[in-house]
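Report on the following structure.
The values are calculated or read from the model by the stated rules, or taken from the named source; none is laboratory data. This one's a predicted model, so the numbers in the text were calculated from it and none came from an experiment. Methodologically, a virtual Cβ is constructed for each residue, glycine included, from the backbone with ideal geometry; neighbour enumeration extends over all protein chains shown. SASA here: full protein model, heavy atoms, side chains in, ligands and nucleic acids out. Shrake-Rupley method; radii C 1.70, N 1.55, O 1.52, S 1.80 Å.
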Amino acid sequence: MTGTDMTKQRDFDAVAASWDEEPRRVTLAGEIADAIMSSLRLSPEWDAMDFGSGTGLVTLRLAPCVRSILAVDSSRGMLDRLGAKIQATGLHNVRTAMAEELPGLSAAEHFHLITSAMTLHHIQDIARLLRSFRALLHPGGHLALADLEAEDGTFHDDPTGVYHHGFSREELTELLRQAGFTSISVSSITEIVKGERRFPVLLAIAAL
Ligand SMILES: C[S@@+](CC[C@H](N)C(=O)[O-])C[C@H]1O[C@@H](n2cnc3c(N)ncnc32)[C@H](O)[C@@H]1O
């Protein structure tokens, strides 16, 4: 991977329209949402945020189990796809916000749960992101982060905007601990199969 690839933004707008057409993505989002719901007892009194929501494949699975969910993404195209789904389904508890690494969110808004699926590896400064999550959570709030387990760099055919080749369990645990989270658990929840290759997916659960 070259420095240029790593610093260039990946163009998620360009793939937004066809994002949901890949069955693997829909299946994975369902597995991640199921694993989050098995790990945490979601409450209809919780306000949640899904960071890097994309077209809302995970967001919309979690929405019926919480009071509200804010889908945050840096891609207008992804959020437009989610907006169309929200309109079509008539869901009243899902909102969208365009933001990159959370500078645009009102500090007045706090959440009981922050989730993120397959987005961390696109974020350069994970420690900074986790500190932002911490600032946005209510005391006692929960974090649920799903991403690739450390891989050899072959997961993405195009390395643009890929800052991490997944994460080891130890690395995730330490990042969460340093950001002030407790009750940290990291487990393997599924695998993404690409031809002959298998890429395990981790779910990290933590609390404030
Ligand atoms: C691989 S997709 C995952 C989408 C969705 N969570 C899912 O599981 O289908 C990564 C998403 O993260 C978003 N993203 C990447 N970098 C971001 C950033 N710095 N801030 C906010 N969103 C970002 C992208 O626009 C994209 O929608």
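Calculated from DSSP H runs of 4 or more alone, at -39500 (n - 2.57) each and per residue, what is the 222 nm mean residue ellipticity of the chain, nearest 500? Walk me through the intermediate numbers first.
Working: 7 runs with 65 residues, N = 208.
-9000 deg cm²/dmol, from helical runs alone.
Carbon and sulfur atoms: what percent of the 1.4 Å accessible area of the chain do they account for? Ligands and nucleic acids excluded, carbon and sulfur give 49 percent.
If I take R0 = 22 Å and measure r between the Cβ atoms of residue 188 and residue 20 in this structure, what FRET efficiency does the formula 1/(1 + (r/R0)^6) give, to the nearest 0.05? The calculated FRET efficiency here is 0.30.
Quick one: ranking 112, 92 by accessible area, 1.4 Å probe, largest first, what do you get?
On the way: 112 45, 92 180 Å².
Largest accessible area first, the list is 92, 112.
Protection proxy ranking for 133-146, 17-30, 160-173, using the average of other Cβ atoms within 10 Å per residue and placing the highest first: 133-146, 160-173, 17-30.
Amide H to amide H, with H built 1.01 Å from N, residue 71 comes under 5 Å of 50, 95, 96, 97, counting only residues 5 or more places away or on other chains.
Given 37 °C and 0.692 mPa s, how large is the Stokes-Einstein diffusion coefficient of region 107-188 in µm²/s, with Rh as the Kirkwood radius over Cα pairs? In µm²/s, the coefficient rounds to 243.
How large is log10 of I(q)/I(0) for the chain at q = 0.09, 0.16, 0.17 Å⁻¹ when the intensity is taken from the Debye formula with one equal scatterer per alpha-carbon? Each listed q maps to, in turn, -0.31, -1.09, -1.25. Solvent-accessible surface of the chain, averaged per residue with a 1.4 angstrom probe and all protein chains in place: 47 square angstrom.
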